[in-house]
1. Are any of the residues in segment 62-70 of a type in the set (S, T, N, Q), in the same structural domain as D17 (by TED's automatic domain parsing) and exposed (fewer than 11 other Cβ atoms within 10 Å of the Cβ)?
2. Pick from V130, V149, V137: which is surrounded by 15 or more Cβ atoms within 10 Å (Cβ to Cβ), closer than 15 Å to P109 by Cα, in contact with a strand residue (DSSP E or B) (Cβ under 9 Å, 6 or more places away or on another chain) and assigned by TED's automatic domain parsing to the domain that holds V106?
3. Looking only at segment 1-58, count how many residues are more than 15 Å from the chain's Cα centre (by Cα), aliphatic (A, V, I, L, M) and more than 17 Å from R69 (Cβ to Cβ).
4. Residue check, V81 against (1) of a type in the set (A, V, I, L, M); (2) loosely packed, with under 14 Cβ neighbours inside 10 Å; (3) at pLDDT 85 or above, all met but one. Which one?
5. Looking at G34, is it assigned by TED's automatic domain parsing to the domain that holds R69 and assigned to a loop (DSSP other than H, G, I, E, B)?
6. Which residues, counting only those in segment 131-141, are among the hydrophobic types (A, V, I, L, M, F, W, C) and under 18 Å from the mean Cα position of the chain (by Cα)?
7. Could you tell me how many of the residues in segment 62-101 are more than 19 Å from F31 (Cα to Cα) and touching a Ser or Thr at 6+ places or on another chain (Cβ under 9 Å)?
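The values are calculated or read from the model by the stated rules, or taken from the named source; none is laboratory data. Here the structure is a predicted model, which means the values were calculated and not measured. We place every Cβ from the backbone using ideal geometry, glycine too, and count neighbours over all the protein chains shown.
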Amino acid sequence: MQLVIGRIGRPHGLRGDVSVEVRTDDPERRFAPGTAVATDPASAGPLVIESRRWHSGVLLVRFEGVNDRNRAEDLRGTTLVIDSADIPPSDDPDEFYDHQLIGLAVLTPDGERVGEVSDVLHHGQDLLVVRRGGAEVYVPFVKALVPVVDLDKGVLVVDGPAGLLDPDEIV
């Protein structure tokens with residue numbers, strides 16, 4: 001499974017630098033000089049990182065062979081991806097990658113299946129997006145509400161207040 005680590009934005013300057021919208025929690029490692037990065041569409045890459053620097057909170061990257069603004073503009077909108085198999089497992093048993101959580105069955109403490117994790121949002125607080133039929137509900141991803149995550153069984157348990165998993169309730 002491919003995971004998005006960034007998206008190439010507009011060129012910066014005349015020498016081929018591009019802005020990158022970072023979508024990884026480890027940009028220093030993922031965008032290290034010398035690293036080859038796969039792309040979507042695949043025809044744009046792989047791209048090898050020549051240099052990177054932060055400028056006013058924006059990551060600027062120069063790729064090998066991209067030496068002018070026109071070539072940099074051709075890459076605009078390209079998604080940078082890695083294979084999920086290339087990500088080492090976490091040493092923390094309570095830390096999970098998004099791709100590990102997406103697709104897990106959501107159970108109540110009684111074992112009743114109530115939905116599936118369709119996405120994970122990061123807005124200051126991690127939120128699990130749980131698809132229930134045609135609706136989605138948001139569950140804060142905290143131990144008090146999600147006491148069990150069992151990747152081997154493909155399930156997680158949500159133990160929240162009444163109405164938390166009801167898309168018609170305002171919680």
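1. Going through segment 62-70, the residues of a type in the set (S, T, N, Q) turn out to be 67, 70.
Filter once more, so that each one left must be in the same structural domain as D17 (by TED's automatic domain parsing): 67, 70.
Then drop every residue that is not exposed (fewer than 11 other Cβ atoms within 10 Å of the Cβ), which leaves none.
Within segment 62-70 (the criterion being of a type in the set (S, T, N, Q), in the same structural domain as D17 (by TED's automatic domain parsing) and exposed (fewer than 11 other Cβ atoms within 10 Å of the Cβ)), the answer is no, since none of the residues qualifies.
2. Answer to the selection: V149.
3. Residues in segment 1-58 being more than 15 Å from the chain's Cα centre (by Cα), aliphatic (A, V, I, L, M) and more than 17 Å from R69 (Cβ to Cβ): 7 in total.
4. (2)
5. Details: assigned by TED's automatic domain parsing to the domain that holds R69: yes; assigned to a loop (DSSP other than H, G, I, E, B): yes.
Yes; evaluated as a whole, the condition is true for this residue.
6. Taking segment 131-141 first, the residues among the hydrophobic types (A, V, I, L, M, F, W, C) are 135, 137, 139, 141.
Across segment 131-141, the qualifying residues are V139, F141.
7. 3
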